[in-house]
1. Please state which of the following conditions E:Thr13 fails to meet, knowing it meets all the rest: (1) of a type in the set (S, T, N, Q); (2) over 21 Å from C:Leu24 (Cβ atoms); (3) outside any loop (DSSP other than H, G, I, E, B); (4) free of Cβ contacts under 8 Å to residues at least 40 places away in the same chain.
2. So, in region B:71-102, how many residues would count as being farther than 30 Å from D:Gly27 by Cα, modelled with pLDDT under 95 and more than 7 Å from chain A (Cβ to nearest Cβ)?
3. Being at negative phi, among the basic types (Lys, Arg) and within 11 Å of chain A (Cβ to nearest Cβ) is true for just one of B:Lys68, B:Lys39. Which residue is that?
4. Checking A:Gly21 against (1) more than 7 Å from every other protein chain (Cβ to nearest Cβ); (2) touching a helix residue (DSSP H, G or I) at 6+ places or on another chain (Cβ under 9 Å), which test does it fail?
5. From the residues in region E:24-36 that are open to solvent by 40 Å² or more (accessible area, probe 1.4 Å) and facing chain D (nearest Cβ under 9 Å), which one is farthest from D:Met1 (Cα to Cα)?
6. Tell me which of these A:Val36 doesn't satisfy, since it passes every other one: (1) in contact (Cβ under 8 Å) with a residue 12 or more places away in the chain; (2) within 18 Å of B:Gly32 (Cβ to Cβ); (3) in contact with a Lys or Arg (Cβ under 9 Å, 6 or more places away or on another chain).
7. Please go through region C:1-12 and pick out each residue that is open to solvent by less than 70 Å² (accessible area, probe 1.4 Å) and either within 12 Å of the chain's Cα centre (by Cα) or closer than 19 Å to E:Ile79 by Cα (or both).
8. Do we have D:Lys15 as open to solvent by 50 Å² or more (accessible area, probe 1.4 Å) and closer than 22 Å to E:Lys18 by Cα here?
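The values are calculated or read from the model by the stated rules, or taken from the named source; none is laboratory data. Because the structure is predicted, anything quoted here is derived from the model rather than measured. As a convention, Cβ positions derive from the backbone with ideal geometry for all residues, glycine included, and neighbour counts pool all protein chains shown. Please note that ligands, DNA and RNA were not included when accessible areas were found on the heavy atoms of the full protein model with its side chains. Shrake-Rupley method; radii C 1.70, N 1.55, O 1.52, S 1.80 Å.
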Amino acid sequence: MKIARITGSVTATQKDPKLSGLTLLIGDIEDGSGNVLEKSAVMADACSAGAGEYVLVVSGSSARIPAKTAGLPVDLVAIAIIDHIDIRAEAAPSSTSSRRKN
Amino acid sequence: MKIARITGSVTATQKDPKLSGLTLLIGDIEDGSGNVLEKSAVMADACSAGAGEYVLVVSGSSARIPAKTAGLPVDLVAIAIIDHIDIRAEAAPSSTSSRRKN
Amino acid sequence: MKIARITGSVTATQKDPKLSGLTLLIGDIEDGSGNVLEKSAVMADACSAGAGEYVLVVSGSSARIPAKTAGLPVDLVAIAIIDHIDIRAEAAPSSTSSRRKN
Amino acid sequence: MKIARITGSVTATQKDPKLSGLTLLIGDIEDGSGNVLEKSAVMADACSAGAGEYVLVVSGSSARIPAKTAGLPVDLVAIAIIDHIDIRAEAAPSSTSSRRKN
Amino acid sequence: MKIARITGSVTATQKDPKLSGLTLLIGDIEDGSGNVLEKSAVMADACSAGAGEYVLVVSGSSARIPAKTAGLPVDLVAIAIIDHIDIRAEAAPSSTSSRRKN
């Protein structure tokens with residue numbers, strides 16, 4: 001899954017009928033430090049998120065798993081509003097566990 | 001889902017029979033500011049879109065969800081013509097919600 | 001879907017038995033102007049394509065939809081030989097439809 | 001599948017109910033030499049991994065295969081803690097097996 | 001599908017039970033000329049491949065199609081050992097088939 005910062009919403013009237021009633025948000029996919037990895041990703045809303053909030057997004061066929069998006073033509077959905085991300089100091093990169101065999 | 005600007009169409013006569021009668025559009029995947037992210041994406045048309053229009057495209061297995069593409073060999077489909085995209089000022093990047101634990 | 005130019009074929013004898021009898025082509029994924037986006041993509045053939053031809057390729061689970069690839073371990077298949085691509089002048093980029101709300 | 005180094009965890013209270021009780025880890029996708037390929041990937045935990053550990057991650061619909069993630073809206077899951085990676089000297093690149101036919 | 005050169009293997013003891021007995025190989029995704037496109041891809045073995053060999057890999061849900069990986073949490077599998085790749089001279093890029101309509 002990825003982190004996205006919601007920047008706004010998308011409106012469309014001429015569309016596949018299955019999208020009727022579904023809120024479409026737009027946002028940027030970011031890494032944990034605020035750097036943008038992918039701009040303008042459009043996602044279905046399944047956690048009542050709004051502009052400025054950080055959400056967790058899931059993609060692919062799993063985007064159709066939440067009750068709100070079951071059976072819908074979506075490939076990205078916001079499934080959670082992120083409270084916080086804990087990065088641990090002991091997770092700093094150490095020597096790799098790769099061993100070379102001759 | 002992504003934003004695409006339709007630039008034209010693709011014609012093919014020697015093809016898998018399941019594609020018979022399906023309109024194939026070609027377009028560029030763009031971010032919300034008009035920058036091209038991916039050129040020449042070919043998509044099935046499920047919202048009667050035409051050249052010059054901005055559409056919402058869905059990819060992967062979800063591309064087979066619309067009635068028009070059910071059971072077809074497609075991995076990208078235009079599902080909606082975009083009316084407008086609202087970007088909110090309060091969505092400007094603020095300090096991240098990431099907290100480091102020592 | 002994407003555009004690919006077929007450059008040749010791949011032969012393999014020690015393989016999953018489900019691949020038996022399936023023609024494997026190799027080609028480059030290109031944009032509509034001949035620029036290579038991805039080299040050496042290997043695809044199953046479902047439209048009797050040959051070296052030098054431009055084909056439409058579909059990826060992911062949809063690659064298993066054509067009769068020729070149903071139930072096979074493939075993630076890319078050539079589903080059509082492209083006759084031509086029509087790019088419309090009126091599709092030239094215009095001002096975006098994005099509106100900023102304060 | 002890919003190699004990821006776990007850097008921490010993600011907490012979310014307002015979320016799709018299917019995520020209840022699921023541990024969400026965050027980590028960097030790396031190559032076997034410690035170079036980061038993708039930062040801040042969020043994954044479900046299916047092997048009791050913790051910060052600093054190297055795990056194997058699986059993506060897409062296969063992320064819903066482990067018992068812990070069956071039926072959940074996830075597209076990335078840590079399925080194994082890596083003990084070691086053995087790189088063989090005889091695997092050094094040699095002349096290609098590609099032959100050109102005129 | 002893609003071409004990969006096997007460089008070694010991965011060992012993991014604390015893992016999802018469904019991975020028990022499955023050989024995990026590691027390799028680099030290459031184009032047909034030996035250039036590395038993606039390092040350190042981990043794949044299930046379904047064709048008895050070993051270090052130094054060139055294999056065909058399939059990704060996504062299709063990675064669960066071979067008998068050896070059916071129902072397993074894998075998104076990449078080696079399905080064939082490549083004998084040779086034939087690149088045809090007549091496949092050299094020619095003028096595009098794209099026509100612009102005014």
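1. With respect to (1) of a type in the set (S, T, N, Q); (2) over 21 Å from C:Leu24 (Cβ atoms); (3) outside any loop (DSSP other than H, G, I, E, B); (4) free of Cβ contacts under 8 Å to residues at least 40 places away in the same chain, E:Thr13 is out only on (3).
2. Residues in region B:71-102 being farther than 30 Å from D:Gly27 by Cα, modelled with pLDDT under 95 and more than 7 Å from chain A (Cβ to nearest Cβ): 1 in total.
3. It is B:Lys68.
4. (2)
5. The selected residue is E:Ser33.
6. (1)
7. Passing the criteria: C:Met1, C:Ile3, C:Ala4, C:Arg5, C:Ile6, C:Ser9, C:Val10, C:Thr11, C:Ala12.
8. Numbers: open to solvent by 50 Å² or more (accessible area, probe 1.4 Å): yes; closer than 22 Å to E:Lys18 by Cα: no.
Spelling it out, it is not the case that D:Lys15 is open to solvent by 50 Å² or more (accessible area, probe 1.4 Å) and closer than 22 Å to E:Lys18 by Cα.
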